[in-house]
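Heads up: the structure comes next, in structure tokens.
The values are calculated or read from the model by the stated rules, or taken from the named source; none is laboratory data. In this text, all values refer to a predicted model and were calculated from it rather than measured experimentally. Cβ coordinates were reconstructed from backbone atoms using ideal geometry, including for glycine residues, and neighbour counts include every protein chain displayed.
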Amino acid sequence: MFTDEKIPNNVDLATDSRLQRALEQWQPNFLAWWNEMGPEGFQQKDVYLRTAVGVTTDGWAHFDYVKMPDYRWGIFLADPIADRRIGFGDSMGQPVWQDVPGEHRTTLRRLIVTQGDTEPASVEQQRALGQTCPSLYDLRNLFQVNVEEGRHLWAMVYLLHRYFGRDGREEAEELLARRSGNADRPRILGAFNEPIDDWLSFYMFTMFTDRDGKYQLLALAESGFDPLSRTTRFMLTEEAHHMFVGETGVGRVVQRSAELTKQTGGSAREAGGVDLETVQKYLNLWYSLSLDLFGGEVSTNAANFFAAGLKGRAKEEKYEDHVAREGTLAMELPQNGKLVRQEVPLRSAMNEFLRDGYVEDCQRGVDRWNKTLEQAGVSFRLTLPSRRFHRQQGVFAGLHFDPDGRPISNEEWERRKDDWLPSAADRAHVKGLQPRAIVNPGQMAHWIAPPAKGIDGKPLDFEYVRLA
Ligand code: BYC
Ligand code: FE
Ligand code: FE
């Protein structure tokens with residue numbers, strides 16, 4: 001269905017020739033970006049990928065071999081909900097907007113651009129990982145995540161082109177011009193400028209940073225701007241696989257580390273694995289970087305997004321009060337060097353509501369990893385550090401806390417940070433575990449356990465990427 005067009009879509013692109021032309025002009029620029037900044041070294045290989053072909057729950061995806069530059073990046077919106085109403089904020093109860101309300105235009109564009117910017121950023125961050133993949137199964141999953149982040153970029157570019165005219169088109173060009181980690185033209189949000197140059201970082205990123213994506217998308221799915229809601233609802237369908245790759249990836253590392261710890265009676269590191277202490281440090285890093293992506297604990301921006309009906313809370317319907325004009329959320333905030341309990345007006349606390357749900361979701365994943373450790377008979381347990389630990393956004397930025405959330409001095413932070421975050425030596429160890437890609441079907445790197453099953457019902461030794 002819909003796949004005959006140059007740009008597969010379920011938005012009737014063919015009936016809007018101006019829009020179609022604009023997107024067809026952007027398409028070669030996207031491809032040039034993909035070829036320059038996308039997965040290095042594998043662009044001409046056949047990869048067993050799923051492609052979105054529609055939005056029905058039973059048959060939305062199609063699996064087949066495809067060369068990544070030939071991937072059919074399409075534009076898909078979830079089906080409209082009849083008589084949908086704005087579910088929160090000052091315009092609560094009014095019909096949702098099918099066009100951009102003039103008074104919210106700039107704010108809305110900015111939200112869409114910020115969301116859109118993360119998608120190509122992640123592809124750039126991950127572009128060299130293929131060179132050191134631990135198996136063909138993992139290589140394929142990396143590329144699956146990459147092409148779908150490319151599609152998420154398309155999703156946001158569609159909104160910019162369709163609803164914002166000229167300045168939308170300019171923003172769409174900028175999305176291809178910024179570069180992750182580039183000092184002059186960095187990506188917008190902090191975590192998306194961090195290097196991801198080993199696979200443990202990749203699994204942590206897909207576990208923790210893609211999960212921020214899930215929560216931000218859930219909040220945008222509540223939007224009173226209906227096209228944004230429908231787009232993000234469909235993006236969430238794909239997102240589940242990204243988090244699966246992260247959670248099971250870390251889980252497999254943990255499992256192997258536990259086995260090696262048992263075998264050696266000491267550290268998995270000496271046995272060619274990742275020791276659990278190092279896993280914990282990588283977790284601390286990516287979790288704290290991802291917490292930053294929720295913005296400040298107390299935020300006027302967030303209050304404005306909410307009041308305007310542009311960005312709600314995840315699963316807004318589970319709250320009783322959708323206007324949130326009265327009431328407060330209690331938070332421990334730093335004041336004169338101490339943590340003081342303060343009441344923050346609900347609307348200004350919206351980022352914290354979203355972060356609360358995220359923290360719980362992360363904890364469920366950590367619990368599953370700890371179950372693996374328990375079953376392996378290893379006493380080590382992984383933990384999420386305090387939300388105050390290693391923060392660079394919000395009220396805790398610029399202050400220092402240990403992983404338990406106790407305030408510490410600058411001097412103590414400098415002395416101990418290598419105990420809590422990956423040191424240069426830890427990074428070198430992780431990178432050094434496996435300098436070359438493992439590309440024999442069914443073979444797995446020593447430092448990671450095999451997955452429980454293959455993709456799309458295929459066996460583990462299936463040729464997920466054809467390298468010949
Ligand atoms: N880095 O009021 P504040 C995904 C800025 S991930 C740098 O505290 P606000 C994906 C902020 O812009 C999901 N700057 O926060 C995952 C503001 O700047 P101005 C992406 C930051 O605005 C993996 C100032 O600090 N989607 O999809 O409520 C792979 C004060 O801001 C950061 C979205 O983010 C940061 N971490 O919240 C692929 C949704 N945090 O106004 C994809 C859209 C804050 O002083 N974005 N700042 O110039 C938003 O909803 C909001 O922009 C944020 C920030 C939640 C990110
Ligand atoms: Fe995405
Ligand atoms: Fe994702």
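Structural remarks
- Qualifying residue in the range 398-415 (condition: under 27 Å from Pro134 (Cα atoms) and in a loop (DSSP other than H, G, I, E, B)): no
- Of everything in the range 152-186 that is within 30 Å of Thr132 (Cα to Cα) and in contact with a Lys or Arg (Cβ under 9 Å, 6 or more places away or on another chain), the residue that is surrounded by the most Cβ atoms within 10 Å (Cβ to Cβ) is Ser180.
- Counted residues, the range 284-317 - those being assigned to a helix (DSSP H, G or I) and either within 28 Å of Ser423 (Cα to Cα) or touching a helix residue (DSSP H, G or I) at 6+ places or on another chain (Cβ under 8 Å) (or both): 17
Let's see how each residue does on (1) away from ligand 3 (no atom under 16 Å from the Cβ); (2) part of a helix (DSSP H, G or I); (3) touching a strand residue (DSSP E or B) at 6+ places or on another chain (Cβ under 8 Å):
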site: Glu174; (1), (2), (3): yes, yes, no
site: Ile196; (1), (2), (3): no, no, no
site: Leu200; (1), (2), (3): yes, yes, no
site: Gly246; (1), (2), (3): no, yes, no
site: Lys262; (1), (2), (3): yes, yes, no
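- Positions within the range 205-255 being near ligand 1 (Cβ under 9 Å from one of its atoms), within 23 Å of Leu49 (Cβ to Cβ) and hydroxyl-bearing (Ser, Thr, Tyr), in sequence order: Thr206, Thr209
- Residues being away from ligand 3 (no atom under 16 Å from the Cβ) and out of contact with any Pro (no Cβ under 7 Å at 6 or more places or on another chain) - total across the range 104-131: 12
- Looking across the range 265-275 at every residue that is part of a helix (DSSP H, G or I) and surrounded by fewer than 24 Cβ atoms within 10 Å (Cβ to Cβ), the one that is nearest to ligand 3 (Cβ to nearest atom) is identified as Arg269.
- Test: Thr118 is crowded, with 22+ Cβ neighbours inside 10 Å, in contact (Cβ under 8 Å) with a residue 40 or more places away in the chain and among the hydroxyl-bearing types (Ser, Thr, Tyr): yes
Conditions (1) away from ligand 1 (no atom under 15 Å from the Cβ); (2) modelled with pLDDT under 95; (3) part of a helix (DSSP H, G or I); (4) not charged (D, E, K, R), marked per residue:
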| site | (1), (2), (3), (4) |
| --- | --- |
| His104 | no, no, yes, yes |
| Thr107 | no, no, yes, yes |
| Ile112 | no, no, yes, yes |
| Gln115 | no, no, yes, yes |
| Glu119 | no, no, yes, no |
| Leu139 | yes, no, yes, yes |
| Leu142 | no, no, yes, yes |
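- Scan of the range 202-244 for residues that are within 13 Å of ligand 3 (Cβ to nearest atom) and among the small types (Gly, Ala, Ser), ordered by number: Gly213, Ala240
- All positions within the range 438-468 that are within 21 Å of Gly246 (Cα to Cα), of a type in the set (Asp, Glu) and touching a helix residue (DSSP H, G or I) at 6+ places or on another chain (Cβ under 9 Å): Asp461
- If the condition is being aromatic (Phe, Trp, Tyr) and either within 13 Å of ligand 2 (Cβ to nearest atom) or touching a Leu at 6+ places or on another chain (Cβ under 8 Å) (or both), then the range 148-189 contributes Trp154, Tyr158.
- In a residue-by-residue description of the range 294-315, the property of being more than 22 Å from the chain's Cα centre (by Cα), over 24 Å from Ile188 (Cα atoms) and among the basic types (Lys, Arg) applies to no position.
- Qualifying residue in the range 81-97 (condition: among the hydroxyl-bearing types (Ser, Thr, Tyr), within 23 Å of Gln216 (Cβ to Cβ) and modelled with pLDDT under 95): no
- Filtered residues of the range 29-63 (kept if part of a loop (DSSP other than H, G, I, E, B) and among the aliphatic types (A, V, I, L, M)): Val53, Val55
- Taken together, the residues in the range 195-245 that are within 28 Å of Gly273 (Cβ to Cβ), among the charged types (D, E, K, R) and out of contact with any helix residue (DSSP H, G or I) (no Cβ under 6 Å at 6 or more places or on another chain) amount to 1.
- Residues that are in contact (Cβ under 8 Å) with a residue 12 or more places away in the chain, exposed (fewer than 11 other Cβ atoms within 10 Å of the Cβ) and not in a loop (DSSP other than H, G, I, E, B) within the range 318-337 comprise just one, Ala330.
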